[in-house]
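The values are calculated or read from the model by the stated rules, or taken from the named source; none is laboratory data. Just so it is clear, the model here is predicted, and its values are computed rather than measured. Methodologically, a virtual Cβ is constructed for each residue, glycine included, from the backbone with ideal geometry; neighbour enumeration extends over all protein chains shown. With ligands, DNA and RNA removed, areas are computed over all heavy atoms of the protein, side chains included. Shrake-Rupley method; radii C 1.70, N 1.55, O 1.52, S 1.80 Å.
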Protein chains: 2
Amino acid sequence: MVDIYHQIGVNTDTHQIYNAITTLDSLSGWWTNTAGSTEINGKLYFHFNEVKIEMTILELVPDEKVVWQCTEKEGEWKDTIITYDLVKTDGQVFINFSHTKWLQQTSFCSHCNTKWGVCLLSLKDYLEKGKGQPFPDDIQINHIDF
Amino acid sequence: MVDIYHQIGVNTDTHQIYNAITTLDSLSGWWTNTAGSTEINGKLYFHFNEVKIEMTILELVPDEKVVWQCTEKEGEWKDTIITYDLVKTDGQVFINFSHTKWLQQTSFCSHCNTKWGVCLLSLKDYLEKGKGQPFPDDIQINHIDF
């Protein structure tokens, strides 16, 4: 299994971060247009033009932790797990993010790792500056359409 | 062992990228103030205020590949390997970057993964726009001094 781990520190409180990763409006404000159910076991749908990615919400611990599983039927994200762990320290909250259980290290996996960093910086801006850079206005890390 | 993999696509040629990762001026222009020897087996020194990181150049394949080993005597980067692989495709060159052989997954490792993404975006800007964001003007991913 291949695992991706990121960490950012955000100057806000855990409740604001939890809201930003558990509500449709907020997810649409920093990652991409989001639809679906925000309840436990609910299915979230993240839209990237004609592509739609399904995630099932596995765990919701208010102001502490969110876990999704990608429940697509095929593709490299199938069955992978995305986790946000919030750790409060003096002066900031760390978001320990992981995207784990990739079957193998691939070029697409490397791409997604870099892209997750960009998405998390967008989340940081959304929380600290009131505006993120969601798809399709996200920072481009290459010159192709993924 | 824990390994970090990133990928960015840059709109330039492999020779320009190779220069940007093998000359002191260029490394100082996108990562941080760099001194030392740029020859094979040479030692490069990357300065971050009072911190200095030593890398030994293990491999130089012109316009294709660069490999460094961190030859610090202690710390989590000790003996880790940093590799830049350049792959030309239609319209861009992919930089497949890795920082491998970490002894374990730690909070600092997660931090460095996110930070490497930021550094590579700085390299992309340096190559495409003529100006990067080297330390200490790099994008901040938290509110502490590392």
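General remarks:
- Sum of side-chain charges, residue A:117 neighbourhood, beta-carbon under 14 Å (Lys, Arg +1; Asp, Glu -1): +1
- A crude spin-label estimate for the pair residue A:89 and residue A:19, with each label 7 Å from Cα along the Cβ direction, gives 2.5 nm.
- Counting lysine pairs in region B:13-146 that sit 8 or more residues apart in sequence, or on different chains, and whose Cα atoms lie under 22 Å apart gives 23.
- Rounded to whole Hz, the Karplus (6.51, -1.76, 1.60) HN-Hα couplings of region B:41-46, x for glycine and proline: 6, x, 10, 9, 10, 9
- The trypsin sites (Lys or Arg not before Pro) of region A:48-146 meeting both criteria, a DSSP state outside H, G, I, E and B (loop) and at most 15 other C-beta atoms within 10 angstrom of the site's C-beta, are A:73, A:78, A:131.
- Region B:1-110: GluC sites (Glu not before Pro) falling in loop per DSSP and having at most 12 other Cβ within 10 Å: B:39, B:50, B:74
- Of all accessible heavy-atom area on region B:48-146, the percent that carbon and sulfur account for (1.4 Å): 51
- Seen from residue A:70, the other residues with C-beta closer than 15 Å to its C-beta sum to a net charge of -1, counting Lys and Arg as +1 and Asp and Glu as -1.
- Surrounding net charge for residue A:33, when Lys and Arg each add one and Asp and Glu each subtract one, Cβ distance under 11 Å: 0
- In region B:88-120, burial by the other protein chains removes 40 Å² or more of accessible area from B:92, B:105, B:110, B:113, B:114, compared with the chain on its own (1.4 Å probe, ligands and nucleic acids ignored).
- Förster radius 25 Å - calculated FRET efficiency between residue A:143 and residue B:3 (Cβ-Cβ, nearest 0.05): 0.45
- Between copies, the label points at residue B:105 (set 7 angstrom from Cα along Cα-to-Cβ) are spaced 1.4 nm, reported in nanometres from shortest to longest.
- Buried surface between chains A and B: roughly 2100 Å² of accessible area, summed over both sides, computed with a 1.4 Å probe on protein heavy atoms only.
- For region A:65-133: accessible area per residue (Å², 1.4 Å): 42
- Interface burial in region A:1-43 reaches 30 Å² or more for A:5, A:6, A:7, comparing the full protein assembly with the chain by itself; accessible area from heavy atoms with a 1.4 Å probe.
- Exam field: residue A:131 pseudo-label spacings to other copies (7 Å along Cα-Cβ), nanometres: 2.1
- Classified by the C-alpha gyration tensor, region A:66-146 has an oblate form. Its axis ratio a/c, with a ≥ b ≥ c, is 1.5 or above, and a/b does not exceed b/c.
- 7 Å along Cα→Cβ, label-point gaps from residue A:58 to other copies, nm, shortest first: 3.3
- Stokes-Einstein D (µm²/s) once Rh is taken as the Kirkwood radius of the protein assembly as shown over alpha-carbon pairs, at 20 °C in 1.002 mPa s: 108
- Phi-based couplings in Hz for region B:127-142 (Karplus 6.51, -1.76, 1.60; Gly and Pro marked x): 7, 8, 10, x, 8, x, 10, x, 3, x, 9, 6, 4, 7, 9, 7
- Each Cα pair under 8 Å and six or more residues apart adds its separation to the average, and for chain A the resulting relative contact order is 29 percent.
- Remark: the residue B:128-residue B:51 segment gains 24.8 nm on full extension, using 0.36 nm per residue and subtracting the alpha carbon distance.
- Derived scalar couplings between HN and Hα for region A:62-78 equal x, 6, 10, 7, 9, 10, 10, 10, 6, 10, 5, 7, 8, x, 5, 7, 3 Hz in order, rounded to whole Hz, by the Karplus curve 6.51 cos²θ - 1.76 cosθ + 1.60 (θ = phi - 60°), x for Gly and Pro.
- Protein heavy-atom accessible surface, 1.4 Å probe, per residue over region B:6-53: 45 Å².
- Taking the axis that rotates chain B onto chain A, the chain B residue nearest to it by Cβ, with the distance rounded to whole Å, is B:117, 2.
- Rg over Rh for region A:1-139 works out to 0.93, both radii taken from alpha-carbon positions and Rh defined as the Kirkwood radius.
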